[in-house]
Structure formats: structure tokens, C-alpha cells
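First comes the structure, then the notes that go with it.
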Amino acid sequence: MGCLGVHFAITEDQANALICAPHDEALMALIEEIEKFAFAQPDSALWLAETDRAWDAIHRTLTNGELTWVCGEEPLKWVILGAGPLYGSDDYIVCLLNPQKVEAVADALAKLDEASFRKRYKQQEFPRYQSEKGEEDLDYTWHWFKNLPPFFANATKAGRHVVFTAPQ
């Protein structure tokens, strides 16, 4: 899965609209609106966190090395793939976390520093990983990961939901 991932901190109304979207096309139209709005904001760093292609390795590092919806332990397994998919097709990933789960993620991420993240990465096997696992990939993964703890902390303070999106 080598596509660009982004987390967005969204309002209750936006989350409800996503949950109630009648079909995938409507859901993706809402995601497009959220993306356009978030990237246009002068304080966008508070409300979105890009993970580029590193989201795959971040998920594997925080779970058991697999890239599945059900691997790993809560709340770290929610960081990337959330509580499960909202989008029904296999060409895009859309996952939503409610504010309670966002807070649990923020608390768990606050306990991870660079040394513990690097240790987790090195300890995991990454079956069917599409990149080459090693120091260069680890540096790249850490670079994109380090924006997630403050992002989740900001989302928690604001009582927001978090939606993760990535094309596949």
C-alpha cells in the first residue's frame, strides 16, 4: 500500500455526515470537502497530519507487523486504521475514531519517544511489506510519525473525531 495517508481532526457534524453517507460515492465527496477545507486553513497543522507513504510502516510498528484491520492491541492499532473501515471498496481507506478513542490514542502516543518507536520498528517482522525495511525506511517512518502525537493531543483538547484517509 504505497499511497499518501492523511489524518483529519473533524467536528461531530462532519463525523455524523460521514457515518450517515448513503454510499461510497457520497462518503468520498464528503472526504474531498474535508480535505479541501483542512488544507486551506492557516492553522492546518492543528487539524491535519500527513503521514505520506509511512502510514503503512507506522501501523505495522504500532501493532504486530501486519497490515490488517484487526492486528495489534488497542489503542495503538487505532492510530492508522482506526476502529475499522467506513468505505466499502478496496481502492481507498477511510477510518474514523470517536473522541474517546482519539483520547486513548493520544495518551498511548504520548508514551512513545523516538527510542521506543525505533525499538518497536526493529522488533517487528513486516510480512508482505512493499518497501525495504531498514534504517533509511525507519528514519522516513519516524519523520512522519513524530507529527501524530501532537496532532492527536490537539484533537483530544478540541473534542474532535479523527478520520484517516489513504488511496490504495
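Computed values, structure above
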{"item": "Whole-number percent relative contact order across the chain, with pairs defined as alpha carbons under 8 Å at least 6 apart", "result": "37"}
{"item": "Alpha-carbon centroids, region 131-168 and region 1-74: separation in whole Å", "result": "10"}
{"item": "Footprinting exposure proxy for K77, K146 (fewest neighbouring C-beta atoms within 10 Å first)", "result": "K146, K77"}
{"item": "Helix-derived mean residue ellipticity, 222 nm - over the chain, DSSP H n ≥ 4, -39500 (n - 2.57), to 500", "result": "-14500 deg cm²/dmol"}
{"item": "Candidate lysines for bridging to K122, where Cα separation is under 28 Å - those fewer than 8 sequence places away on the same chain excluded", "result": "K77, K101, K111, K133, K146"}
{"item": "Estimated inter-spin distance, D43 and A26, nm [label 7 Å along Cα→Cβ]", "result": "3.2"}
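Readers should treat all values here as calculations from the given coordinates under stated rules, not as data from a laboratory. In this text, all values refer to a predicted model and were calculated from it rather than measured experimentally. Positions of Cβ are generated from backbone atoms using ideal geometry, with glycine treated the same way; all protein chains shown enter the neighbour counts.
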